[in-house]
Each structure stands twice: as structure tokens, then as C-alpha cells.
1. Could you tell me the calculated FRET efficiency between LEU58 and ARG88, based on Cβ-Cβ distance and R0 = 41 angstrom, to the nearest 0.05?
2. What nm value, rounded to one decimal, do you get for the distance between TYR35 and ARG79 when each label is placed 7 Å out toward the C-beta?
3. For ASN7, list long-range residues whose amide hydrogen, built 1.01 Å from N in the peptide plane, is under 5 Å from its own amide hydrogen.
4. So what's segment 35-94 giving for Cα Rg divided by 2.2 N^0.38 Å, two decimals?
5. Based only on other Cβ atoms within 10 Å, what is the fewest-to-most ordering of ASP65, ASP37?
6. Give the order of ASP14, ASP23 when sorted by the count of other beta carbons within 10 angstrom, beginning with the fewest.
7. At PHE70 and MET1, where each label point lies 7 Å from the Cα along Cα→Cβ, what is the point-to-point distance in nanometres?
8. Taking only Cα atoms, what is the 0 to 90° angle, nearest 10, from helix 60-91's long axis to the longest principal axis of the chain?
Amino acid sequence: MPKRCFNCQNTNTDEIFEVYGYDVCIACKPKLGFYQDSTIRKHIRTFENEKQIVPEKLSYREEVDQRLKFGEASYHRKRLKLLHIQARLKEIKS
Ligand SMILES: [Zn+2]
């Protein structure tokens, strides 16, 4: 299967590279909004400060891990729902 930017469908292989398992083109990468390390450090400190007040709160690392886990489950639920609709559309005659 040819490389294709997941975001804009660009298929120019010279402009596409792999980012955490996704094929992304050079034009779309800046639009992903990746944080600078300084921003990530600021979030770590914010979470540490909150955790000093409420010890049960998650660390920034735990929060990110949890968001990824829930985001993945949400993605699969939405995809399954659409696959079901697609399958039903093949069966239902209107
Ligand atoms: Zn793209």
C-alpha cells in the first residue's frame, strides 16, 4: 500500500514520514500542534502543584496515559458504530 498522509491524503513519498506510527506529510506535521518541551515541563509542574493539594490526582504522565487509553476506546466505539451502519446500509433496501 502506498504511503499516504492520514490527514490530507498526500501520496508524495518525498514529503511523507512516519510519526508515532502514522504517515504524515511535511505540510500537515506543523498543524498537529505538538508541544515544545518547555510547555510539557510547565504541565508537569502544574500537575505536581495540584497533586500537593489533592494527592489522589494523577501525575501529568498518568493523565496522558489515561487520555490515550480512553481516546483509543472512544475511537474504536465510533468506528464500530459506523461499520455497523455501513453493514446495515448494504442490507436495508430503501
Ligand atoms: Zn498531509
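FYI, it's all coordinate maths here, none of it is from the lab. Predicted model, so just to flag it, every value in this text is computed and none were measured. Please note: Cβ atoms are built from the backbone with ideal geometry, for glycine as well, and neighbour counts cover all protein chains shown.
1. Efficiency, rounded to the nearest 0.05: 0.55.
2. So the two model labels end up 2.5 nm from each other.
3. Result for ASN7 returns CYS25.
4. So segment 35-94 has a normalised radius of gyration of 1.89.
5. By the 10 Å Cβ count, ascending: ASP37, ASP65.
6. Fewest to most other Cβ atoms nearby, the residues stand as ASP14, ASP23.
7. Taking the simple label geometry, PHE70 and MET1 are separated by 2.9 nm.
8. 20 degrees
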